[in-house]
Amino acid sequence: MVGACLVGASTYLPLPVPRTRYERENAPDLRVKSFTLKQTDPGGVVVFEIGLANEGRGDVHNATINVLVPDFANSVRLLGGTGVWLTTPEPTIPGANGGSIYWTQTNMVFPGRNAVLLDVEVQLLPLRDFPVRVKLLSSDLREPIAAWTTGLGV
């Protein structure tokens, strides 16, 4: 009787289908773990590291990463990356004023049970502290990932 009610309810009500045990155990668990300042140059170059960890078993395929910095920076790029940098009126962190410039990199893979370190170079004069935001998107993730820091301690 209870089974018939559940089948009927799931047929006529727009309820999400629960994940199977296999899907739960093998799902990716990608997280932004750290933002670390690595190098500053008096010429206006700042290099920092973004630490990412996929603690789940599943790989994250075809991911897109966006690294946002305030629009007072001259440029931003992922060292060793092949993406592009663009501008947006979106603030770097929620509630802030001003727009951002951002680096976008597509077709990235984050293997399961592994950590990845990404080095990002920002050029700005004069040197000053700035916020950073990272956004990750992939069809392998249940929802987009967003993380930010209010400053790196430049």
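The values are calculated or read from the model by the stated rules, or taken from the named source; none is laboratory data. Keep in mind it's a predicted model, so treat the numbers as computed, not measured. Neighbour counts run over all protein chains shown; Cβ positions are idealised from the backbone, glycine included.
Values for this structure:
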{"item": "Selection within the range 82-103 - touching a residue at least 24 places away in the same chain (Cβ under 8 Å) and buried (at least 18 other Cβ atoms within 10 Å of the Cβ)", "result": "T92, S100, I101, Y102, W103"}
{"item": "Residue, farthest from D29 (Cα to Cα), within the range 118-154, restricted to residues that are touching a Lys or Arg at 6+ places or on another chain (Cβ under 9 Å) and crowded, with 17+ Cβ neighbours inside 10 Å", "result": "V122"}
{"item": "Subset of the range 27-42 that is without any contact (Cβ under 8 Å) to a residue 60 or more places away in the chain and more than 16 Å from the chain's Cα centre (by Cα) - its residue that is farthest from M108 (Cα to Cα)", "result": "D41"}
{"item": "Condition met for E90 (modelled with pLDDT of 95 or more and over 19 Å from D140 (Cβ atoms))", "result": "no"}
{"item": "Residues of the range 116-154 satisfying the condition of being closer than 17 Å to A53 by Cα and among the basic types (K, R)", "result": "R133, K135, R142"}
{"item": "Among (1) farther than 19 Å from N114 by Cα; (2) at pLDDT below 95; (3) surrounded by 13 or more Cβ atoms within 10 Å (Cβ to Cβ); (4) not small (G, A, S), the one test that C5 misses", "result": "(3)"}
{"item": "Among the residues listed as E55, E49, the single one being among the charged types (D, E, K, R), surrounded by 14 or more Cβ atoms within 10 Å (Cβ to Cβ) and touching a Lys or Arg at 6+ places or on another chain (Cβ under 8 Å)", "result": "E49"}
{"item": "Per-region count, the range 118-132, residues in a strand (DSSP E or B) and among the aliphatic types (A, V, I, L, M)", "result": "4"}
